[in-house]
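Reading through the structure tokens given below for one structure.
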Amino acid sequence: MKSNFKVLLVEDMDSFRGAVAQLLGVYNDVDEAADLASARKALFSANYDVVILDKGLPDGDGINLISDIKNSAPNAVVIVLTSDSDFSSVKHCISRGADDYVIKSDKIVPDLLVRIPIAIAKAASSRRLANLEEQVKAAFKYEIVGKSKPTMELRETIMDLKGSQAHVLITGESGTGKELVARRINAIEDNGKRPFVAINCGAIPENLIESELFGHKKGSFTGAISDRAGQFELADNGDLFLDEIGELPLSAQVKLLRVIQEGEFTRIGDGKVVKVNCRIIAATNQRVSEMVQKGQFREDLFYRLNVVRIVTTPLRSRMEDIADLSKLFTLQIGGSAYKISDRAIRALETYDWPGNVRELRNAIERAVISARKRKAQELSFDDINIHAPTHDPAYRIRKIESGLPVASPDLTPAGYRDFIESAEREYLNAALDIVNGSAIELANLIGMSKTTIFRRLKSLGCGKDNHISTRPGLARANHTIHQPTERRST
């Protein structure tokens, strides 16, 4: 079964059409048409799974093309692009046979990455096309979705690498999608036909890592019962993804460096030199520069790999992506029969996701299981089960770290103010834990007046998960923070 879709994009604006085609074309085959006439020619010459149709075209109303689409490809999914948000106009599009509509906006391009698979899956379900629903899951399995600035910049950075053979080092926290980035870097080359070989350096025993990478000759060691090609040979003329590169033993780092420098290696137990031409895409959640200083990672190898550096952004720093990710995960895990409610999404957006995208996907999977138990098809607020370790010092440190500036655009008065407030909030919440929620005892210990401590706690929203007491040393459950009032004699 094929995993990619044949898409016809009918849009008269060249720049917009090019942007959409570039984005969707990474994992799908996209043909373009600028008007009704060229669209009809395309429909006559090819069968399309999806047609993205602009309503307003130079030679007529795009809606008039829907009947032609249905005649040539009855199961094609039609998504109408329109600038008109009027409900009657939308209703008219659907009544004429459109499966979905998307209102044009500055976020429409990343919007389509979520709307298209959902529309296809719904159409597949209603038309009882099980193979099509499985196809949409496969086609968008490695898609990078989201409308946040870091995610949009990430997609642009990846497209800038097209045609380059430069080695890439991807760093970032665990669960931020480093392999997803590697696969997309690979997919933009050679129409998605370029070899891609992935290996987890941390999952292979140290005594077998060289055999795994470079292969071995029969009889070269106990258990080598036949000749075996290594991952480098399999990745020839393609990309080799080395995940958890920081776990690679120093002995293997030496041989890896030689392959990068010379483009050749020998199998274990064999003197024959093997020539290879492949790009290395390495990834790690460790601070490689610190490992270099400690002698745990070769400095020369680090500089060889660090030609192009991509840093994946933690989910807590791109909360705008949670809605799109949640909808796509719901589709991938539950199928077209399931959807997620807006309230459930808002609940997901209140958590800072220390486990990043991987943790979010796990949360959606639990929610789907919960909804199935209720025999419901909508993931509700009650299905969301997140246990936030709010009293964990590491959790608080992560929250503070997420506010640190990473580039010059982050250096703003508002950014500085927000960081100071966040740091103070986490300090006061941690301090309240220590004094069992006694705001007055805390005031005495840190040299702050009672009036000031209550004002700061209220202003910063502290104590929501603590038992706040207005008495020294006593904690009163569910007590709201308030400033003690003075009694006046009458």
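The values are calculated or read from the model by the stated rules, or taken from the named source; none is laboratory data. Here the structure is a predicted model, which means the values were calculated and not measured. Counting neighbours? That spans all protein chains shown, and the Cβs are built from the backbone with ideal geometry, glycine included. The accessibility values were calculated without ligands, DNA or RNA, using every heavy atom of the protein model including side chains. Shrake-Rupley method; radii C 1.70, N 1.55, O 1.52, S 1.80 Å.
Values computed for the structure shown
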read-out: Leading residue by the ranking (least open to solvent (accessible area, probe 1.4 Å)) among those in the range 29-78 that are over 17 Å from HIS92 (Cα atoms) and of a type in the set (Lys, Arg); value: ARG40
read-out: Selection count, the range 323-344, where residues are in contact with a strand residue (DSSP E or B) (Cβ under 6 Å, 6 or more places away or on another chain) and within 15 Å of ASP382 (Cα to Cα); value: 4
read-out: Which listed residue, of PHE221, PHE214, PHE196, PHE232, is closer than 19 Å to LYS141 by Cα, touching a residue at least 24 places away in the same chain (Cβ under 8 Å), touching a strand residue (DSSP E or B) at 6+ places or on another chain (Cβ under 9 Å) and of a type in the set (Phe, Trp, Tyr); value: PHE196
read-out: Those residues of the range 8-22 which are touching a helix residue (DSSP H, G or I) at 6+ places or on another chain (Cβ under 6 Å) and either at pLDDT 90 or above or open to solvent by 20 Å² or more (accessible area, probe 1.4 Å) (or both), in sequence order; value: LEU8, LEU9, VAL10, GLU11, ALA19
read-out: Where ALA283 falls short, out of the listed (1) open to solvent by 30 Å² or more (accessible area, probe 1.4 Å); (2) at pLDDT 95 or above; (3) hydrophobic (A, V, I, L, M, F, W, C); (4) touching an Asp or Glu at 6+ places or on another chain (Cβ under 7 Å); value: (1)
read-out: Qualifying position, being under 18 Å from ASP29 (Cα atoms) and either surrounded by 15 or more Cβ atoms within 10 Å (Cβ to Cβ) or at pLDDT 70 or above (or both), among LEU154, LEU132; value: LEU132
read-out: Condition broken by SER289, with the remaining ones in (1) of a type in the set (Gly, Ala, Ser); (2) farther than 18 Å from VAL168 by Cβ; (3) out of contact with any Leu (no Cβ under 8 Å at 6 or more places or on another chain) satisfied; value: (2)
read-out: Tally, over the range 166-195, of residues that are over 21 Å from GLU156 (Cβ atoms), open to solvent by 20 Å² or more (accessible area, probe 1.4 Å) and within 22 Å of the chain's Cα centre (by Cα); value: 2
